[in-house]
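Structure first, commentary second.
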């Protein structure tokens, strides 16, 4: 199989490119067929750079010698006839030399130059023969030996200049032979010059063939070398690896720039140093035995692959090295040559992937999988040490409101601060982790003391409930904690998590901001809670909800000023369900928005039948208040029922102030713009303060 690159024949199995006789004869005068020959032809032009100078010197030496010998005894006419062709020949030599010197500026192609040189040699030969013929008329010259001497000198010098170019050699041979035949009367001289010229042509063809073949091989090697260097440069520039080479003594003879960069130096500064001096060979990769470390491979002259080492630098860098020993044709060891790869970023990526698989990316706390592993290990240790294990499930109260009103970036920042507080409270007692969203878990190995667990729970709730300052917003949330205690050797992770989850539900049902220990009765309560939630979702369709009106009486005159709308649930089988039970449930399961709007419309529909002086008060939960569409909901209800806005009084609890933000102030302002009255309900029982009273536009407390 044969391939070609840049016009250079590339033959496999060691076969080299050859040049034919025809190629040798025409190479310098025929247009090149490919880029390789074009490059080679351009190089060959330089071979003739001094040929005109050599011929000019020959013409000057021989010509002046003859002139000095014949000038005294010859007529001026004979001298002029001899000097004129000599001068023209030397002028032609000068023009040829100037052409060769300026051929690039003149933009002459190599084959054009070759043709011009043929013309030059022929013309120069003709002029030289004319000079020799005219000089025969000089007195005092041995005519028998003169012409062979002059012709022989011309042919010899032109053969020297044209020996590297067969076309020039052929032209020189023809010119010399024809000249000898025309001017010499001695047939032996003519035959001798012809024979010598043919030998010169044969020698030129042989030399040129070998030169062309050699040059083509060299171009092939140059091309392959440039290609290899390009591959090396591109590979090194990509940052995926670098090359190194040592001699037989182990000193570096080549290093890439990337390797030098790791030592903050230049490649030249590392050349001549022992390769092993740059490495901490004792820190080979895991699982490698001592005899297979890099030092062993280098000393034993064994090939090696993917040996992990650390350079002898202060940086935390890891390399993967591969290398092969190099031997010459006689089997003598020349050194090692190999490739290196920087594993630092790969290892960091692997460590980061491993960390993300075990830790929460936002808070850097252990994630759900890691916490499950921690719990399993804690329970195994509890069984061996005969000591119990406790589990906290922690849920943030009103975190969703913060996320909805202030946005996820603020919510993320809040979770980070909560994680710091939880970790600080837990200290050495246990491990805190984040399960996702606003849920956290704490595993407390060996801690089963009820008093200590209660103390930790109260402290934890207290710390989480302290206000936060985030991006100019003052945010207050709470926390509920469910606690489960596992007996040594009998508790399993799944049951402990389920028990803590039931305890957490109980804590939230108790009013939030509370902690509860698991009790066996919670299983039935949880089941009952699930059934109740399903029933609540159907309560509106079943007309089980009703609005009762409680009179609001002015203390001064004891007359009725209005009525407060209170929602009640008459369950079809359980009977009356307390609002304290189903309102929190509605908030948790997302039903509070639908129920709240139904209560508002029902109350306004009834109020439309009352006297204009009688107001109606409707409770608005914090979740409803944080709904961006609450103002539109109220406005539509007023327009649909025809009740004047000033007759509607919205009772709002202190929970709306937990997210002290521009959105809260905007909602207050828009409600007031509708014309409705605002009342603060249950002031002093939650998170309120006198500062809120100065900001919020309440009409009533």
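Values quoted throughout were computed directly from the atomic coordinates according to the rules given, and no laboratory measurement underlies them. This structure is a prediction, so every number in the text was calculated from the model and none was measured. Note that each Cβ is placed from the backbone with ideal geometry, even for glycine, and that neighbours are counted across all protein chains shown.
Here the Kirkwood formula puts the hydrodynamic radius of region 359-519 at 15.7 Å, using every distinct Cα pair. Helical content of the chain, expressed as a calculated mean residue ellipticity at 222 nm, amounts to -17500 deg cm²/dmol (DSSP H runs of 4 or more residues, -39,500 (n - 2.57) each, divided by residue number, nearest 500).
Take every Cα pair under 8 Å whose residues are at least 6 apart in sequence, average their separation, divide by the length of the chain, and the relative contact order is 7 percent. Debye calculation, C-alpha points only, no solvent: report log10 I(q)/I(0) for region 354-403 at q = 0.13, 0.20, 0.30, 0.32 Å⁻¹, in the same order as the q values. Those come out to -0.46, -0.83, -1.05, -1.09, one per q. Counting only alpha carbon atoms, the long axis of helix 450-465 and the longest principal axis of the chain meet at about 70°. Separation of region 416-483 and region 551-573 by C-alpha centroid, Å? Each part reduced to its Cα centre gives a spacing of 41 Å. The label point for residue 330 and the one for residue 95, both projected 7 Å from the Cα toward the Cβ, are 5.8 nm apart. For residue 352 and residue 588, the FRET efficiency from 1/(1 + (r/R0)^6), where r spans their Cβ atoms and R0 equals 41 Å, is about 0.65. Computed from the C-alpha gyration tensor, the three semi-axes of the ellipsoid equivalent to region 316-408 are 53, 24, 7 Å, from longest to shortest. When the label point is put 7 Å from the Cα of residue 537 along its Cα-to-beta-carbon vector, which residues of region 579-594 have a backbone N closer than 20 Å? Residues passing the 20 Å test: 581-594.
Relative to the longest principal Cα axis of the chain, at what angle does helix 522-539 sit, 0 to 90 degrees, rounded to 10? Roughly 90 degrees, rounded to the nearest 10. Helix 35-45 and the long axis of the chain differ in direction by around 40°, with both axes built from C-alpha atoms. Calculated FRET efficiency, residue 126 to residue 224, Cβ-Cβ distance, R0 = 56 Å: about 0.75 to the nearest 0.05.
Using 1/(1 + (r/R0)^6) with R0 = 25 angstrom and r between the beta carbons of residue 64 and residue 119, what's the FRET efficiency to the nearest 0.05? Numbers along the way, then the final one.
Details: r = 26 Å, r/R0 = 1.03.
Step by step, r from the Cβ atoms, then E = 0.45.
Looking only at region 334-363, which residues have a backbone nitrogen under 19 Å from a spot 7 Å from the Cα of residue 322 in the C-beta direction? Answer for region 334-363: 336-347. Length gained on full extension, residue 510 to residue 361, computed as 0.36 nm times the residue gap minus the Cα-Cα distance: 50.4 nm. A full extension of the chain between residue 462 and residue 50 corresponds to an added length of 138.3 nm, given 0.36 nm per residue minus the alpha carbon distance. When the Debye formula is applied to the Cα atoms of the chain, each taken as the same point scatterer, what base-10 log of I(q)/I(0) results at q = 0.05, 0.08, 0.10 Å⁻¹? Scattering profile of the chain, log10 relative to I(0): -0.60, -0.86, -1.05.
Sorted on the mean count of surrounding Cβ atoms within 10 Å across their residues, most packed first, peptides 271-279, 616-624 read 616-624, 271-279. Taking a quarter of the surface of the Cα convex hull of region 533-695 gives a mean projected area of 10.5 nm². Label-to-label distance, residue 191 versus residue 206, with points set 7 angstrom from Cα along the beta-carbon direction: 2.3 nm. Take the Cα radius of gyration of region 159-281 and divide it by 2.2 N^0.38 Å, N being the number of residues; the result is 2.09.
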